[in-house]
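Presented below is the structure to which this report refers.
The values are calculated or read from the model by the stated rules, or taken from the named source; none is laboratory data. Note that this is a predicted model, so its numbers are computed, not measured. We place every Cβ from the backbone using ideal geometry, glycine too, and count neighbours over all the protein chains shown.
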Amino acid sequence: MPERNTPQKTLESWKQIAAYLGRSERTVRRWEATEGLPVHRREHEKQDTVFAYKHEIEAWGRLRTKCPDSMDESENLSFPKLSTNTYLAEHDAITRTMHCYIAGARAGDGDLMRPAFHPSATISGYCQGVEYSGSVEHVFQWINGNGPAPNINPRFARIEIIETIAVVHLEVQHWSGKLAGANARASDVFTLLKCEGEWKITHKLFHWHDR
Amino acid sequence: MTNTEYQNEYDGILKTLQLYIDGSRQGKSELMYTAFHPDASFFGYAGEQLASGTQFLFDWIDKNGPAPNIQPRVVSVDILESIAVVRLEVAGWSGNLAGSGVRMSDLFTFLKTPSGWKIIQKAFHWHAAERSLVARPLV
């Protein structure tokens, strides 16, 4: 996208957002997934485009307790404390974990979503009439095999927190990819556990809707 | 889903859940075995310790023994075609390991299988932080 067509206050691509923050595209995508970097999307027929407001990026930067310069690839779970309200803090921590899953699903990168899951997490559900139950590794393999699904459009249908456990119902439309096909819809129910201060998915239950 | 279908699915889920409640009340895990999917998981914190695996649950139920005064309440039942999530609040837990008068919040996820609705995961929160699920029997 030509620079001169870009309004001064917005960044119009991952490349521009990354350049603005002085980081790689992969790092800023991860920050969106795990740390709430405010990135917006415009829906298009073929593929959504991303943009960000500079003032939002700057406000986000001020709220982070850690200096971006001290972050490296292994520190992606050091969440900033964005809220002082206990409920909001838990709610936001859960949605950050879920956005890590969503970012991996969108990118077709199983390793990107791995930090969202507990090491012993399991999955269950039916895919084309066949029951799948087992280790979460199946999810990572499926995501890698499926490849990018740039148009997935997730909605939080429910987030319910009971102290150390939580359930999240996610509705995801516009799934695509080598395994998902085109324009598929999935309902997912995730169970999460607050494990040493971090919310981790312990179970993913899914239902693919008939076309 | 028609009204009748919805009621059938709902009743099927509650019937499976009742096996868990009956086993908990009597302190007999064998009563609840068929409620669980073979790949079911179990997660939650018992005080500081992470409890996991359905075998942990079954052993705990047997060691705890009868809990005749449990008061289960279904808070929500959400059915999404082949999957479902149920929140259950159980007050009045008692027994060798539970102590007395404690409360548990449970999130059950269910999968619809050819042999009926099965619990695929139970996540719990124990509301008595001072008591551990793995503590020795109270003397």
The condition of being buried (at least 18 other Cβ atoms within 10 Å of the Cβ) and either in contact (Cβ under 8 Å) with a residue 24 or more places away in the chain or in a strand (DSSP E or B) (or both) holds, among A:HIS174, A:HIS169, only for A:HIS169
Please verify whether region B:41-59 includes one or more residues that are modelled with pLDDT of 95 or more and more than 25 Å from A:GLY125 (Cα to Cα). yes
Exactly one of A:ARG185, A:ARG211 is among the basic types (Lys, Arg), more than 10 Å from every other protein chain (Cβ to nearest Cβ), over 16 Å from the mean Cα position of the chain (by Cα) and part of a strand (DSSP E or B), and that one is A:ARG185
Tell me, which residue of region A:177-211 that is aliphatic (A, V, I, L, M) and farther than 16 Å from A:PRO115 by Cβ is surrounded by the fewest Cβ atoms within 10 Å (Cβ to Cβ)? A:ALA182
Could you count how many residues in region B:26-39 are more than 14 Å from chain A (Cβ to nearest Cβ), over 11 Å from the mean Cα position of the chain (by Cα) and not hydroxyl-bearing (Ser, Thr, Tyr)? 5
Out of all the residues in region A:101-116, is one or more among the aliphatic types (A, V, I, L, M) and outside any helix (DSSP H, G or I)? no
In region A:39-60, how many are modelled with pLDDT under 80 and surrounded by 13 or more Cβ atoms within 10 Å (Cβ to Cβ)? 2
If you take the residues in region B:94-121 that are of a type in the set (Gly, Ala, Ser) and part of a strand (DSSP E or B), which one is nearest to the other protein chains (Cβ to nearest Cβ)? B:SER105
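Which count do you get for residues in region A:117-149 that are of a type in the set (A, V, I, L, M, F, W, C) and assigned to a helix (DSSP H, G or I)?
Of the residues in region A:117-149, 4 are of a type in the set (A, V, I, L, M, F, W, C) and assigned to a helix (DSSP H, G or I).
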Could you check, for region A:140-152, whether at least one of its residues is surrounded by fewer than 20 Cβ atoms within 10 Å (Cβ to Cβ) and within 11 Å of chain B (Cβ to nearest Cβ)? no
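Being farther than 27 Å from B:TRP117 by Cα, modelled with pLDDT under 95 and either over 16 Å from the mean Cα position of the chain (by Cα) or at the interface with chain B (Cβ under 10 Å from one of its Cβ atoms) (or both): is that true of A:GLY134 here?
Numbers: farther than 27 Å from B:TRP117 by Cα: no; modelled with pLDDT under 95: yes; either over 16 Å from the mean Cα position of the chain (by Cα) or at the interface with chain B (Cβ under 10 Å from one of its Cβ atoms) (or both): yes.
In short, no.
Okay, residues lined up against (1) touching a Lys or Arg at 6+ places or on another chain (Cβ under 9 Å); (2) more than 12 Å from chain B (Cβ to nearest Cβ):
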{"residue": "A:THR97", "(1), (2)": "yes, yes"}
{"residue": "A:TYR101", "(1), (2)": "yes, yes"}
{"residue": "A:HIS118", "(1), (2)": "yes, no"}
{"residue": "A:ILE123", "(1), (2)": "yes, no"}
{"residue": "A:CYS127", "(1), (2)": "no, no"}
Would you mind telling me which numbered condition in (1) within 14 Å of chain B (Cβ to nearest Cβ); (2) aliphatic (A, V, I, L, M); (3) surrounded by 19 or more Cβ atoms within 10 Å (Cβ to Cβ) A:ALA157 fails? (3)
